[in-house]
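The values are calculated or read from the model by the stated rules, or taken from the named source; none is laboratory data. Note that the coordinates shown come from a computational prediction; the quantities given were computed from them, not determined experimentally. For neighbour counting, all protein chains shown are included, and Cβ atoms are generated from backbone atoms with ideal geometry for every residue, glycine included.
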Amino acid sequence: MPRADVVVIGAGLAGLTAAIALADAGARVELVARGHAATHWTPGGFDCAAPPSAPTSTVGIERLAAREGHPYGILAGDVQPGLAFVRSIVGEAGLMYRGELEDLLRPVPTAIGGTRRVGIVPAGQGSALDRWSADERLIVCGITGFKDFWPSLIAASLARPSVWSSASAGAGDGLAADADPDDDRPARVEAVSVGLPGQAGRRSINAMELGQAFDDAAWRREAFGRIARAVEASGHGPGRIAMPAVLGIADHAAAMADAAEILPLAMFEVPLVPPSLPGLRLYAALRGAFLRRGGRLSIGEPVIRMETDGRRVTVVVLSAAVRERRIGAGAVVLATGGIAGGGLIGLADGRLQEPVLNLPVEAPGVEDWLAEQAMCDDGHPLERAGVRTDAQLRPIDAAGDVVYDNVAVVGSLLAGQRAVAERCGDGVAIASGWRAAATLGSSSGAALRGSLQPTVAGSRI
């Protein structure tokens, strides 16, 4: 039976952060997951806190930390070091980010013609964070035959001042005295559509195809040449180009360098519907970092049960094709996600269940699961459902007693957050992954193994 100092269950941002940090501390780490997580669905940036009216992520974190029962009540101090760690890790793969927690949250365009306030984004989306000058235009550049980005409709929506002003709520707190957040928008918005090499006549091109095409240096330089000519034909003067987020998968940094060289204006990517290429780039960078550190990774093998010895998990049992696979575990990081990720499931009697360890779940009664309005500003009450923990992220019951001494709960499985309305999901994931690694590990592998005291069937591994 293989053995690990720590078994991390879940391959999302929280699980990968914990796994890499533990591997850096000298632990033998095995990461297992049923499938891929939210990285494949999200825009690829780091939403740490953007509750309504908070001008910066730092202020947002402080406000959320003050809310009773919010994960930031114990994790607020871990966001900054955890974020710095993750940025350094993905930087190893050339995936750079722009923005800081204390920077003003800025409205940036979305693929449905709206705006969302962000603070930290991939470098490929970075120029969207700059303030708009009084005479600056935005050119929304679509790709002929691409089904997930409609430039004329996006431009028509972004031309409305209300789209920008509604996203700037609270931004005035962080602007200079002579700056007006309602003026922070393009002077005009235009649309162009460009046919790219080899795509003539196609009407259902997808993001993955385009991302792979932009990985080809010769193809993308010809493509950028066509885009440059279309932009130049649309007019002159200062401006920026918004393009769908398809500029490479494996060779994104080189694609962005070519874009900067060839295009006549600064360009930024606009995240799309899933699969998210910026999210895939983030996952690939984190996965590669984990594997380079000697971690073991198994995707597609769900956990079917745990074996325990009192208040300690000793064995993780996976379903592997026609057999079971057993891993001896010194400790477990539970990063299986919340309701959306399958980390919590609803039962016929109206209860929620954590299916891996059957941990106590804090949730409203079934009659209060949903709000009256589908898109209510404060989110649905059920969003706050999850597992309560102590400061070391060990799961606790309703009386506050620790359920398992060697289990850390991280990410969206933590109770008390409303990630959609509060825009805190990435920050909670990173901070909790960082905290889990810090509480389970130490600076040396020998000390780590001694502190974990991994056991199988009562014997030390």
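The residues listed here are ARG287, ARG296, ARG292, ARG326; of these, the one that is farther than 30 Å from GLY94 by Cβ and either outside the structural domain of ALA255 (by TED's automatic domain parsing) or more than 26 Å from the chain's Cα centre (by Cα) (or both) is ARG326.
Residue count for region 30-53 satisfying the condition of being small (Gly, Ala, Ser), out of contact with any Lys or Arg (no Cβ under 6 Å at 6 or more places or on another chain) and over 22 Å from ILE249 (Cβ atoms): 2. For GLY235, indicate whether it is out of contact with any Phe, Trp or Tyr (no Cβ under 8 Å at 6 or more places or on another chain), over 28 Å from ASP47 (Cβ atoms) and surrounded by fewer than 16 Cβ atoms within 10 Å (Cβ to Cβ). Considered against the rule, which asks whether it is out of contact with any Phe, Trp or Tyr (no Cβ under 8 Å at 6 or more places or on another chain), over 28 Å from ASP47 (Cβ atoms) and surrounded by fewer than 16 Cβ atoms within 10 Å (Cβ to Cβ), GLY235 comes out as yes. Of the residues examined, ILE249 is one that is over 23 Å from LEU31 (Cα atoms) and without any contact (Cβ under 8 Å) to a residue 60 or more places away in the chain.
When ILE345, ILE327, ILE304, ILE339 are checked against the criterion of being closer than 24 Å to ASP426 by Cα and either of a type in the set (Ser, Thr, Tyr) or out of contact with any helix residue (DSSP H, G or I) (no Cβ under 8 Å at 6 or more places or on another chain) (or both), ILE345 stands alone in meeting it. Selection of region 238-257 for residues being crowded, with 20+ Cβ neighbours inside 10 Å, within 15 Å of ASP216 (Cβ to Cβ) and of a type outside the set (A, V, I, L, M) yields GLY248, HIS252.
From the list ALA223, ALA285, ALA213, the one residue that fits, being assigned to a helix (DSSP H, G or I), crowded, with 18+ Cβ neighbours inside 10 Å and touching a Phe, Trp or Tyr at 6+ places or on another chain (Cβ under 6 Å), is ALA213.
Residues in region 196-222 that are out of contact with any strand residue (DSSP E or B) (no Cβ under 8 Å at 6 or more places or on another chain) and among the small types (Gly, Ala, Ser): GLY198, ALA200, GLY201, SER204, GLY211, ALA213, ALA217, ALA218. Scanning region 352-367 for residues that are in contact with a Pro (Cβ under 6 Å, 6 or more places away or on another chain) and surrounded by 16 or more Cβ atoms within 10 Å (Cβ to Cβ) yields a total of 1. Checking each residue in region 24-74 for being closer than 18 Å to GLU383 by Cβ and of a type in the set (Lys, Arg) picks out ARG63, ARG67. Consider SER432 carefully, then state whether it is under 19 Å from LEU101 (Cα atoms) and either at pLDDT 95 or above or not in a strand (DSSP E or B) (or both). Answer is yes for this residue. Among residues that are under 20 Å from GLY279 (Cα atoms) and either of a type in the set (Gly, Ala, Ser) or assigned to a loop (DSSP other than H, G, I, E, B) (or both), ALA250 is included. Among the residues of region 83-90, is there at least one that is basic (Lys, Arg), outside the structural domain of ASP426 (by TED's automatic domain parsing) and closer than 23 Å to MET256 by Cβ? Checking region 83-90: at least one residue is basic (Lys, Arg), outside the structural domain of ASP426 (by TED's automatic domain parsing) and closer than 23 Å to MET256 by Cβ. Restricting attention to region 368-387, does a residue exist that is buried (at least 16 other Cβ atoms within 10 Å of the Cβ), in the same structural domain as ALA23 (by TED's automatic domain parsing) and at pLDDT 95 or above? Scanning region 368-387, I find at least one residue that is buried (at least 16 other Cβ atoms within 10 Å of the Cβ), in the same structural domain as ALA23 (by TED's automatic domain parsing) and at pLDDT 95 or above, so the answer is yes.
Among the numbered conditions (1) out of contact with any His (no Cβ under 8 Å at 6 or more places or on another chain); (2) in contact (Cβ under 8 Å) with a residue 40 or more places away in the chain, the only one that PRO275 does not meet is (1). Restrict the check to region 60-68 and report whether at least one residue is farther than 25 Å from ALA245 by Cβ, buried (at least 21 other Cβ atoms within 10 Å of the Cβ) and not assigned by TED's automatic domain parsing to the domain that holds ALA250. Yes, region 60-68 contains at least one residue that is farther than 25 Å from ALA245 by Cβ, buried (at least 21 other Cβ atoms within 10 Å of the Cβ) and not assigned by TED's automatic domain parsing to the domain that holds ALA250.
For every residue, the table says whether it meets (1) outside any helix (DSSP H, G or I); (2) within 30 Å of ALA207 (Cα to Cα).
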{"residue": "ALA27", "(1), (2)": "yes, no"}
{"residue": "LEU31", "(1), (2)": "yes, yes"}
{"residue": "HIS36", "(1), (2)": "yes, yes"}
{"residue": "ILE61", "(1), (2)": "no, no"}
{"residue": "LEU64", "(1), (2)": "no, no"}
{"residue": "GLN80", "(1), (2)": "no, no"}
{"residue": "PHE85", "(1), (2)": "no, yes"}
{"residue": "ALA93", "(1), (2)": "yes, yes"}
